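Here's the structure we're looking at; comments come further down.
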Amino acid sequence: MSNSTKPPFNKIVLCLFIGLTVFACKKTIQKPVVPVTGAASTFKVDGTAVKIDSASAMLYTNASGRQMDIYAYKGGQEVLEFHFDPKTGNKTAGTALGSGAFLTYMASPVLSYDSQSGALNVTVCDTIAKKVEADFNFVAKQYPYTDPASKTITEGHISITKINKQ
């Protein structure tokens, strides 16, 4: 083989090195999930009790100011998602992000019910000690809201001992 027909070995090695470096540096963003500790974290869906296995809280700042998201899991599947101002007090559950609290019940990964009414009462919100406790109840309508299906969430309590910051 002459020099003109040999593949450019140095260029191939350089391309492989760059490709492997990019692949190795690629990060995936995951919601850190920790087992729920402290007071029992439970709720009822249409009267049926559910015990939360694990949860995570994320504190961040956006155009609306400081916000907090809570994600709760049962058997590795997300069952609750809350969005609210990270302050203690009673917040009205509604249909829009940025006002009161926006609460979601996840019946499955593709079937969600969003709050139409109800309340989220945050009793502890200590972002320095990384603790959040809240009681909640809400009536949720299946998304998209053209479907009449709804769920009633009652007797909810969540206790989280770790807050992640973004």
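The values are calculated or read from the model by the stated rules, or taken from the named source; none is laboratory data. Computed from a predicted structure; not experimentally measured. FYI the Cβ positions are ideal-geometry reconstructions off the backbone, even for glycines, and counts take in every protein chain you see. These accessible areas exclude ligands, DNA and RNA; they are computed on the full protein's heavy atoms, side chains included. Shrake-Rupley method; radii C 1.70, N 1.55, O 1.52, S 1.80 Å.
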*For segment 33-110, give the percent of accessible area contributed by carbon and sulfur heavy atoms, probe 1.4 Å, rounded to a whole number.*
54
_Net charge of neighbours whose Cβ lies under 14 Å from the Cβ of Thr127, counting Lys and Arg as +1 and Asp and Glu as -1_ = +2
*So what are the ³J(HN,Hα) numbers for segment 63-69, from phi and the Karplus equation (6.51, -1.76, 1.60; θ = phi - 60°), rounded to whole Hz, Gly and Pro as x?*
4, 7, x, 6, 9, 9, 10
_So, taking all protein chains as they sit and a 1.4 Å probe, how much accessible area belongs to His83, in Å² rounded to tens?_
30
*Probe 1.4 Å, accessible area per residue of segment 42-128, Å²*: 45
*If Thr123, Thr61 are ordered by their accessible area, calculated over protein heavy atoms with a 1.4 Å probe, which sequence runs from highest to lowest?*
Thr61, Thr123
*Where in segment 45-73 does the amide nitrogen come within less than 14 Å of the point 7 Å from the Cα of Ser150, taken along Cα to Cβ?*
46
*Taking 0.36 nm per residue of separation and subtracting the Cα-Cα distance, what length does fully extending Lys165 through Ala49 add?*
38.7 nm
*asked:* A 21 angstrom limit on the alpha carbon distance is what I want to check against. Which of Lys44/Lys87; Lys51/Lys87; Lys51/Lys151; Lys131/Lys151 exceed it?
replied: Lys44/Lys87; Lys51/Lys87; Lys131/Lys151
